[in-house]
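Bear in mind that the values in this text are calculations on the coordinates, not laboratory data. Note that the structure is predicted; figures quoted are calculated from it, not measured. Heads up, the Cβs are rebuilt from the backbone with ideal geometry, glycines too, and the neighbour counts pull from every protein chain shown.
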Amino acid sequence: MLTPFAEGIWTDTRRATFFGVECGSRMTVVRLASGGTFVHSPVGIDDETRRAVDAIGEVRAIVAPSIFHHLHVGGWMAAYPKAHVACCPGLEWKRTDLAWSSVMGDQPHPIWAGELDQVYLSARRENEVDFFHAPTKTLLVADALLNLADHDLASTRLAARLMGNTGPGLGWLEPRMIRDRKLARRQADRILAWGFERAVLSHGALLPTGAHEAFDRAYAWL
């Protein structure tokens with residue numbers, strides 16, 4: 001079910017497991033000024049989801065922002081063959097069965113440029129690309145602010161405690177996901193310079209407020 005988050009932004013949260021741990025997955029749909037939509041980290045598509053998205057606008061862009069966020073892209077490609085489908089660097093090699101339209105970097109594609117800015121977090125092992133929706137000061141992340149601490153399943157909360165994941169982007173696992181600390185610091189600073197106020201996390205509770213402080217806290221160790 002699509003749920004409004006900010007003006008022109010909707011989310012859809014589903015169950016999803018990773019290495020046996022239920023961590024959830026969240027899709028974000030952004031309505032562009034053109035009237036079309038930008039679909040970030042797509043979840044499974046069904047008739048109900050398609051009707052809800054179509055009611056917002058024509059799907060113009062489908063984005064797989066991390067090498068771990070690709071499972072349902074094929075279904076969306078089939079449903080929207082005219083859409084531009086972009087992936088993070090490396091995913092074009094991992095999923096050679098998918099006909100990607102482009103591989104993302106730091107420069108926004110013309111379809112969403114002017115409304116969504118982006119930073120390629122090449123310092124992270126997920127090769128994540130994060131986005132900033134300027135009109136609503138909203139940050140869109142995939143795995144860069146993982147938060148399982150408040151999950152409704154006790155088994156997931158236990159996994160979070162074992163990882164030291166007490167909040168967005170916190171825990172002993174996070175430093176191990178960084179390949180280059182100095183580069184990560186520069187990239188984190190570029191994201192912080194956006195001055196976002198809220199954030200949509202792919203894994204964890206939404207952050208309608210305090211997102212800038214949460215991101216700053218998560219990367220303070222760099």
Exercise for review: Run the dipole for the chain about the Cα centre, Lys and Arg Cβ at +1, Asp and Glu Cβ at -1, nothing else charged, and hand back the magnitude in debye, nearest 20.
Suggested key: 520 debye
Point to revise | Straight-distance crosslink candidates among aspartates and glutamates, where the alpha carbon sits under 16 Å from Lys182 and sequence neighbours closer than 8 are dropped | key: Glu174, Asp216
Exercise for review: Could you order peptides 106-116, 164-174 by the average number of other Cβ atoms within 10 Å of their residues, highest first?
Suggested key: 164-174, 106-116
Point to revise | Dipole of the chain, positive end: most advanced residue of Met177, Ala159, Ala193 [Cβ charges, Cα centre] | key: Met177
Study note, to complete from the structure: Bridge orientation stat for the chain from DSSP, antiparallel percent rounded to 5, came to 65 percent
**Study point:** Angstrom value of the Kirkwood radius, inverse mean 1/r, which spans all Cα pairs in the stretch 3-218
**Key:** 17.3 Å
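What number comes out for the charge environment of His203, summing +1 per Lys or Arg and -1 per Asp or Glu over other residues with Cβ under 9 Å away?
0
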Check your understanding: Can you give the angle from 0 to 90° between the axis of helix 181-192 and the longest principal axis of the chain, with both taken from C-alpha atoms, to the nearest 10?
Key -> 60 degrees
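Defining a contact as two alpha carbons under 8 Å apart and six or more residues distant in sequence, what relative contact order in percent does the stretch 3-218 show?
Reported relative contact order: 16 percent.
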Review point. Which residue, chosen from Pro4, Thr136, Trp93, occupies the Cα position most advanced towards the positive end of the dipole of the chain, where the dipole is computed from +1 (Lys, Arg) and -1 (Asp, Glu) charges on Cβ about the Cα centre?
Key: Trp93
Point to revise | About the Cα centre, charge dipole magnitude for the stretch 59-163 (Lys/Arg +1, Asp/Glu -1 at Cβ), debye | key: 160 debye
Review point. Which value at 222 nm does the chain reach when only helices count, each DSSP H run of 4 or more adding -39,500 (n - 2.57), with the total divided by all residues and rounded to the nearest 500 deg cm²/dmol?
Key: -6500 deg cm²/dmol
